[in-house]
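*Asks:* Starting off with a structure, shown below.
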Amino acid sequence: MADERVPILMYHSVAADPSDATRALSVTPRAFAEQMAVIAARGLTPVDTAGLAACWRTGRPLPARPVLITFDDGYEGVHRHALPALAEHGFPATLFVSTGWLRGPHDTGGGPDTMLGWHQVRELAAAGVEIGGHSHSHPQLDQLDDRQLRSELILCKEIVSDQLGRAPTSFAYPYGYSSRRVREAVRETGYAQALAVGNGLARRAQGPYALRRVTVRRSTDTAEFERLLDGRGLARVFVRDRALTKGYAVVRRARHARRLAAHGRQ
C-alpha cells in the first residue's frame, strides 16, 4: 500500500463555450461524461481527497484501483454539467473553491468565467461532493507575506464553514504553487491535506500536503486520458508544461527575492 500510485485528476471548467481565459483548461460536457464512462468501464473506484488522505494517514486499505476526481476554482459548469455525469455513476469528487470568486456576498468580481453561487455549492455538497479550500482571491500563495498568506487561508476556511456549516479539511494550492512556509501555514490553518499539481501520480511518500495531480484539459483525448489514469508517458504528455514551469520558477524566485529586499528597506 505504501508504494501505491493513485491518479488524482485535476479539472477546472466544464463548459461548451468557456471564456478565453479558461478555454485551455476546460473540458466539454460531452468529453467529461465520456471520461467518467471510461473510469466506470475500467472498474476504477473514485474516492474523495479526505478519504484518500485518511487511508494513507491511518494505514487503512484503499479501495481497489482508486482514482480522485477534483475541480479547482468553482465554475458553474461543475454543477450544471459535471454533477449529472458524476451522479450517473455514483462517483464522489472534490471541489476546491476560491471563495472570493463565487457569486454571493463575498464575491470580489475576480472570477474568470461564470462561477458557482453558494446555493449550487450547497447542492454539490449534499450530492456527495467534498468541498475544499482554494484560497480567497486565488493568488500565488508563495509570493505573499505571512500576513497576506494567513488572511487568504483563514478567510477561505471561515467563509466555507459559514456557508456550509462545516469546515473544509482539504486544500488545493492556486496554480499549484507552494513552499515549505505555505504548506506549514496550510497545516496550521487546520487543513488536514493539500493537493499540488506536479503532473504525476500521487503517492503516500509525497506527504499529505504535497500530493500530485494530473491536468485534464480541452486537448485531452480518450487515449491521453487513459494514459493519465495509468500514469503512462506523463513526462511526454506534460513536457512543455514542465519546461514552462521550470522557467517561470526562476522568474518567481527572483521576484520574491526583490520583494523581500524591498520590504527589508522599509
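*Asks:* Need the failing condition index for Ser178 against (1) small (Gly, Ala, Ser); (2) under 23 Å from Thr45 (Cα atoms); (3) in contact (Cβ under 8 Å) with a residue 24 or more places away in the chain, just the number.
*Replies:* (2)
*Asks:* Scanning for something assigned to a loop (DSSP other than H, G, I, E, B) and either of a type outside the set (S, T, N, Q) or touching a Leu at 6+ places or on another chain (Cβ under 9 Å) (or both), does segment 47-59 turn up at least one residue?
*Replies:* Yes: segment 47-59 contains one or more residues that are assigned to a loop (DSSP other than H, G, I, E, B) and either of a type outside the set (S, T, N, Q) or touching a Leu at 6+ places or on another chain (Cβ under 9 Å) (or both).
*Asks:* Pull out all pairs, ordered by first then second residue, where Cβ-Cβ is under 7 Å, the residues are six or more apart or on different chains, the first lies in segment 199-221 and is free of Cβ contacts under 8 Å to residues at least 40 places away in the same chain, and the second is among the basic types (Lys, Arg) and buried (at least 19 other Cβ atoms within 10 Å of the Cβ).
*Replies:* Cβ pairs passing all conditions: Gly200/Arg212; Gln206/Arg212; Tyr209/Arg183; Ala210/Arg183.
*Asks:* Considering only segment 156-183, how many residues are among the aliphatic types (A, V, I, L, M) and assigned to a strand (DSSP E or B)?
*Replies:* 1
*Asks:* Same structure, new question: Taking the criterion of being open to solvent by less than 10 Å² (accessible area, probe 1.4 Å), within 25 Å of Phe171 (Cα to Cα), out of contact with any Phe, Trp or Tyr (no Cβ under 6 Å at 6 or more places or on another chain) and of a type in the set (A, V, I, L, M), would at least one residue in segment 23-34 satisfy it?
*Replies:* Looking for residues that are open to solvent by less than 10 Å² (accessible area, probe 1.4 Å), within 25 Å of Phe171 (Cα to Cα), out of contact with any Phe, Trp or Tyr (no Cβ under 6 Å at 6 or more places or on another chain) and of a type in the set (A, V, I, L, M), one finds at least one in segment 23-34, hence yes.
*Asks:* Still on this structure, please answer the following. I need the full set of residues from segment 125-150 which are more than 16 Å from the chain's Cα centre (by Cα) and either surrounded by 23 or more Cβ atoms within 10 Å (Cβ to Cβ) or assigned to a loop (DSSP other than H, G, I, E, B) (or both), in order please.
*Replies:* The answer is Ala127, Gly128, Leu144, Asp145.
*Asks:* Identify, from the list Arg204, Arg213, Arg227, Arg259, the residue that is among the charged types (D, E, K, R) and modelled with pLDDT under 55.
*Replies:* Being among the charged types (D, E, K, R) and modelled with pLDDT under 55 holds for just one of Arg204, Arg213, Arg227, Arg259, which is Arg259.
*Asks:* Do you know which residues across segment 169-225 are more than 20 Å from Val237 (Cα to Cα), surrounded by fewer than 22 Cβ atoms within 10 Å (Cβ to Cβ) and of a type in the set (S, T, N, Q)?
*Replies:* If the condition is that a residue be more than 20 Å from Val237 (Cα to Cα), surrounded by fewer than 22 Cβ atoms within 10 Å (Cβ to Cβ) and of a type in the set (S, T, N, Q), then Thr169, Ser179, Thr189, Gln206 are the ones that fit.
*Asks:* Quick check on my filter: what residues within segment 184-201 are at pLDDT 95 or above, under 20 Å from Asp73 (Cβ atoms) and outside any loop (DSSP other than H, G, I, E, B)?
*Replies:* Hits for segment 184-201 are Val186, Thr189, Gln193, Ala194, Leu195, Ala196.
*Asks:* Return the residues of segment 62-80 that are of a type in the set (A, V, I, L, M, F, W, C) and not in a strand (DSSP E or B); say none if nothing qualifies.
*Replies:* Hits for segment 62-80 are Leu62, Ala64, Val78.
*Asks:* Another question, if that's okay. Can you go through Leu153, Leu95, Leu83 and tell me which one is under 16 Å from His12 (Cα atoms) and part of a helix (DSSP H, G or I)?
*Replies:* Leu83
*Asks:* With (1) part of a helix (DSSP H, G or I); (2) modelled with pLDDT under 95 as the list, and Ile39 as the residue in question, which single condition is left unmet?
*Replies:* With (1) part of a helix (DSSP H, G or I); (2) modelled with pLDDT under 95 applied to Ile39, the lone miss is (2).
Every residue, every condition in (1) within 21 Å of Ser137 (Cα to Cα); (2) polar (S, T, N, Q); (3) loosely packed, with under 13 Cβ neighbours inside 10 Å, yes or no:
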site: Ser13; (1), (2), (3): yes, yes, no
site: Asp20; (1), (2), (3): yes, no, yes
site: Ala40; (1), (2), (3): no, no, no
site: Gly43; (1), (2), (3): no, no, yes
site: Pro61; (1), (2), (3): no, no, yes
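The values are calculated or read from the model by the stated rules, or taken from the named source; none is laboratory data. Just so it is clear, the model here is predicted, and its values are computed rather than measured. Here Cβ is always computed from backbone atoms with ideal geometry, including for glycine, and neighbour counts include all displayed protein chains. Each accessible area value is taken on the protein alone, full model and side chains, heavy atoms only, with ligands, DNA and RNA left out. Shrake-Rupley method; radii C 1.70, N 1.55, O 1.52, S 1.80 Å.
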